[in-house]
Structure formats: structure tokens, C-alpha cells
Number of protein chains: 2
Amino acid sequence: MALRHIALFRWSEGTTPAQVAEVEEVLARLPEAIPELDAYNFGSDLGIGSDTFDFAVVADVADEQAYAAYRDHPDHQAALGVIRPLLAERASAQIRTGGAG
Amino acid sequence: MALRHIALFRWSEGTTPAQVAEVEEVLARLPEAIPELDAYNFGSDLGIGSDTFDFAVVADVADEQAYAAYRDHPDHQAALGVIRPLLAERASAQIRTGGAG
């Protein structure tokens, strides 16, 4: 059993593609910096659904302790510093999964 | 490259554990019924975060066509018939991922 953290973001009006690219850049650095991340998937919504959020992050870790290590890691906190000013809305959950994927 | 569909649910007040168990039962049947599902993870929020949604579903499929097959499959539509009456709020997104997991 593993733990999956899911976060969906809706960007504030006026958020630019360059700002979203910066979010992707800071998130892309996290798997190397945070060994607790067994898998890390994120990206912009594909625009194929209705009333979707704009961006999703899915972090797969072993357990609650590994999730806390990810959440509190200074590089993750720095990423949140880039993300938070752009947020209009955020939705999140943590669930148990069968494995790392 | 693959496609990941993410849906987060917040249950209406008064939703019972038995109703959530029924949701889990109908979702658990989908991977066998829908061959387009490469991976399917779902479950109740673990209660370790703040202001989290109550339940998450993550479906991994190959591409947009496989996602549409999942979305429109009669067994998935039947599952939505169980879920929708319980919903206070829903958040979703579809993103590109590196693989099936």
C-alpha cells in the first residue's frame, strides 16, 4: 500500500502561460530533490472535460511519513511560493493506493 | 505518454459510510468491465490534510479516445448514477502523464 496526494489548481484570471511554465519548472525539480517521491506527475488540464480545473499534481509516496517529508521539504515549500500567488481555487485529497503507480 | 483523469468529490452532508461503501463497490467493478483502464485508483481521503475533498478517483488510460471510452461506458455511467446524488462538490482535470502509472 502506498499514499497518493492529489492537488488541483484553478489559476486566477490573468495568469500567463509564462507563469504556468514557471510552475512546471519548479515542480520538475522536486523528484530529484525529494527522494520520498516514488512518482510525480503534474501538468495543465488538457481541455477535454467540462468545468475542469487548470492544473493537477499527483505525488505518489510510501506512507504518511513520506508525505509529510514531501509537504514540508524546503524545495516544495519554495514551489508553493510560486504557485500560491496564482491560485484562484485549490482542491486536494490524499488516498491509499495499491502501489507507487 | 498516457492520459490521467482525476476527479475529487465532496459528499453532501448526511452521506453515510454505507453510501460511500456502495460507491467503492461500483467503482471496484469498472477495471474488469472497461479494458481501456490501465490503472484505476480511488478511495476516501485519509484525513491528514486540511480542507481536503472526501474522495478521489484517478483513472489512467492511453489517450483521449480511451478516456472517452471510459467516460461513456455504461458501467461508468451507472457508477455516476450512484455518485451524483451524493455530491456536494466535484473537482476534476485531465493531464498528460509519462506512462500508465
Residues that are out of contact with any Leu (no Cβ under 6 Å at 6 or more places or on another chain), closer than 19 Å to residue B:40 by Cα and not aliphatic (A, V, I, L, M): does segment A:64-85 have at least one? no
Helices (runs of 4 or more DSSP H) contained entirely in segment A:28-91, each with at least 3 residues that are over 14 Å from the mean Cα position of the chain (by Cα) and surrounded by fewer than 19 Cβ atoms within 10 Å (Cβ to Cβ): A:64-72
Regarding segment B:43-54, can at least one residue be identified that is in contact with a strand residue (DSSP E or B) (Cβ under 7 Å, 6 or more places away or on another chain) and more than 14 Å from chain A (Cβ to nearest Cβ)? no
Let me spell it out: the conditions are (1) over 15 Å from residue A:4 (Cα atoms); (2) among the hydroxyl-bearing types (Ser, Thr, Tyr); (3) in contact (Cβ under 8 Å) with a residue 12 or more places away in the chain, and residue B:40 meets all of them except one. Which number is the exception? (1)
Kindly provide the set of residues from segment A:12-27 that are in a helix (DSSP H, G or I), more than 14 Å from every other protein chain (Cβ to nearest Cβ) and touching a residue at least 60 places away in the same chain (Cβ under 8 Å), ordered by number. A:19, A:22
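Bear in mind that the values in this text are calculations on the coordinates, not laboratory data. All values reported here derive from a predicted model rather than from experimental measurement. So basically every Cβ, Gly included, is an ideal-geometry build from the backbone, and we count neighbours across all protein chains shown.
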